[in-house]
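Q: Okay, here's the structure, questions in a sec.
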Amino acid sequence: MNTEGLTKQQIRVLEFIIESIEHRGLSPTLEEIRVHLGRKSRGSVHQILVGLRDRNRIRWTEGCNRSITIVGNKAQHRLPADLQAKLEAYCKAHNERPSDVLADALTLHFDALEAAGTNAEVVA
């Protein structure tokens with residue numbers, strides 16, 4: 001992980017976010033980050049997150065819990081801008097995580113292919 005240009009607190013938060021995503025499969029909440037840092041307010045955590053976002057290290061969907069993603073993470077794929085906008089709007093309106101919505105959509109797609117008998121062999 002490239003930490004050039006980051007403060008010690010930003011590095012600590014970024015490492016915590018990465019660890020949370022890798023081990024739990026979801027990003028931490030502001031409250032979880034606050035507790036991890038031993039901070040008294042979520043506002044100070046938000047400032048750190050904004051700094052990471054401004055340095056293009058993370059992004060999130062406004063109003064959608066656990067939507068923090070790591071920019072440049074090879075495990076993540078980019079959607080076309082129009083689909084990304086629709087996904088973000090849907091997640092905000094329904095308080096869902098983008099990863100959950102995408103997982104559901106892919107499951108439905110593969111189930112439909114299998115039901116139609118057109119499913120290509122999938123290697124797990």
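FYI, it's all coordinate maths here, none of it is from the lab. Bear in mind that the values here come from a model prediction, so they are computed numbers and not experimental data. Note that each Cβ is placed from the backbone with ideal geometry, even for glycine, and that neighbours are counted across all protein chains shown.
Q: Rounded to the nearest 0.05, what FRET efficiency do Thr107 and Asp82 have when you use their Cβ-Cβ distance and R0 = 25 Å?
A: Working from the Cβ atoms, E equals 0.65.
Q: Now, a different point. Any aspartates and glutamates with Cα under 20 Å of the Lys8 Cα? List them, leaving off those in the same chain fewer than 8 positions away.
A: Glu19, Glu31, Glu32, Asp54
Q: Still on this model: Would you calculate the volume per residue, in Å³, of the smallest convex hull containing every Cα atom of the stretch 8-115?
A: 118
Q: Could you list His23, His109 so that the one with the fewest beta carbons within 10 Å of its beta carbon is first and the one with the most is last?
A: Lowest to highest Cβ neighbour count: His23, His109.
Q: Something else about it: Once you keep just the Cα pairs under 8 angstrom separated by 6 or more residues, what percentage relative contact order results for the chain?
A: Relative contact order of the chain: 17 percent.
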